[in-house]
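S.K.: This structure is in structure tokens; I'll ask about it shortly.
Readers should treat all values here as calculations from the given coordinates under stated rules, not as data from a laboratory. Every value quoted in this text rests on a predicted model; they were computed, and no experiment measured them. Backbone-built Cβ (ideal geometry, glycine too); neighbour counts: all protein chains shown.
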Amino acid sequence: MRTSTVARKTKETDIFLTLNLDGTGNFKGGSGIGFFDHMLNSFAVHSGFDLSLDCTGDLQVDCHHTIEDIGIVLGKALGEALGEKAGILRYGDSLIPMDEALARAVIDVSGRPFLVFSADFSDGRVGDMDSCMVKEFFRAVAFNAGLTLHLSLLYGENTHHGIEALFKAFAHALKESVSFSSDGGVLSAKGALE
């Protein structure tokens with residue numbers, strides 16, 4: 001099974017995360033940030049990954065360190081679980097509506113980290129999560145997992161809907177990109193994804 005456990009402790013956060021890419025879409029634990037946990041649960045359900053999270057963060061400051069550091073740890077866990085990336089489809093894309101909002105995610109599990117993020121949110125916060133942290137989270141995941149990730153909120157008025165559509169689009173695109181191809185080889189002309 002493609003699993004990984006990553007622990008990371010700093011003066012700002014203490015995180016223990018387990019990821020199973022061949023799971024059943026189960027999320028347990030939490031970050032202490034209600035709306036963000038809702039997004040992580042949506043990510044797990046829609047990707048089919050099992051995600052377990054134990055996190056203590058300096059939420060008395062704000063949500064920034066906790067969300068960014070969980071992105072770092074999730075990205076590292078994803079990279080470790082994929083190993084040499086042999087046999088995966090490598091590319092994935094998804095277009096996900098949520099009511100009036102429409103989001104797109106396109107992924108290349110290339111080993112070359114890059115993020116293109118295009119989203120305007122009408123509200124600065126949803127619950128106890130700052131909307132600006134959506135980009136920071138996905139940047140941390142992409143750069144620590146070695147993903148080329150393009151995320152766009154094409155339109156939408158409700159910030160909750162827009163953010164949730166982005167997380168679901170990411171989950172579906174990632175699920176596709178880490179699925180196995182029929183030949184089991186590395187999908188690269190140079191013979192490696194790095």
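S.K.: In what sequence, highest mean first, do 133-145, 106-118 appear when ranked by Cβ atoms within 10 angstrom? Please report the intermediate quantities before stating the final value.
M.R.: Numbers: 133-145: 21.2, 106-118: 17.1.
Result, highest mean Cβ count within 10 Å first: 133-145, 106-118.
S.K.: Taking Cα pairs under 8 Å and at least six residues apart, what relative contact order does the range 84-123 come out at, in percent? Show your work: numbers first, answer last.
M.R.: Working: 26 pairs, mean separation 12.7, N = 40.
It rounds to 32 percent for the range 84-123.
S.K.: Name the residues of the range 60-81 whose amide N is less than 19 Å from a point 7 angstrom out from the Cα of Asp22 along the C-beta direction?
M.R.: The answer is 77-81, whose backbone nitrogens lie closer than 19 Å to the label point.
S.K.: On a 0 to 90 degree scale, rounded to 10, what angle separates helix 159-177 from the longest Cα axis of the chain?
M.R.: So the inclination is approximately 10 degrees.
S.K.: Report the FRET efficiency, 1/(1 + (r/R0)^6), for His64 and Ser181, where r is their Cβ-Cβ distance and R0 is 35 Å, rounded to 0.05.
M.R.: Numbers: r = 38 Å, r/R0 = 1.09.
Step by step, r from the Cβ atoms, then E = 0.35.
S.K.: Any chance you could list the semi-axes, whole Å, largest first, of the equivalent ellipsoid that the Cα gyration tensor gives for the range 3-177, using √(5λ)? Walk me through the numbers on the way to the answer.
M.R.: Working: eigenvalues 92, 87, 38 Å².
Equivalent ellipsoid semi-axes, largest first: 21, 21, 14 Å.
S.K.: Please compute the net charge surrounding Ala101, taking Lys and Arg as +1 and Asp and Glu as -1 over other residues with Cβ under 14 Å from its Cβ. Write out the running numbers ahead of the final one.
M.R.: Values: positive: Arg104, Lys168; negative: Asp99, Glu100, Asp120, Asp123, Glu157, Glu164.
Neighbour charge sum, excluding Ala101 itself: -4.
S.K.: Show which lysines lie in cross-link reach of Lys135 when reach means a straight Cα distance below 19 angstrom and same-chain residues fewer than eight apart are skipped.
M.R.: Lys76, Lys168
S.K.: Could you please rank Thr5, Thr66, placing first whichever residue has the fewest other Cβ atoms within 10 Å of its Cβ?
M.R.: Ordered by Cβ neighbours within 10 Å, fewest first: Thr5, Thr66.
S.K.: Report, in degrees rounded to the nearest 10, the 0 to 90 angle that the Cα long axis of helix 34-47 makes with the longest principal axis of the chain.
M.R.: That helix lies at roughly 20 degrees to the long axis.
S.K.: OK, next. Using only alpha carbon pairs under 8 Å that are at least six residues apart, calculate the relative contact order of the chain and give it in whole percent.
M.R.: Normalised by residue count, the contact order of the chain is 26 percent.
S.K.: Okay, next question. Given R₀ = 30 Å, FRET efficiency for Glu12-Asp120 by Cβ-Cβ distance, to 0.05?
M.R.: Calculated transfer efficiency: 0.60.
S.K.: For the chain, what is the calculated [θ] at 222 nm in deg cm²/dmol (nearest 500), taking -39500 (n - 2.57) for each run of four or more DSSP H residues and dividing by its residue count? Before the final figure, lay out each step's value.
M.R.: Details: 4 runs with 65 residues, N = 194.
When only DSSP H runs of four or more count, the value is -11000 deg cm²/dmol.
S.K.: Related question: Cβ under 14 Å from Ile15's Cβ, Ile15 left aside: what net charge do those residues give with Lys, Arg +1 and Asp, Glu -1?
M.R.: -3
S.K.: By average Cβ neighbour count within 10 Å, what is the ranking of 151-161, 8-18 from highest down?
M.R.: Highest to lowest by the protection proxy: 151-161, 8-18.
S.K.: How far, in degrees from 0 to 90, does helix 133-145 lean away from the longest principal axis of the Cα atoms of the chain, to the nearest 10?
M.R.: Roughly 20 degrees between the two axes.
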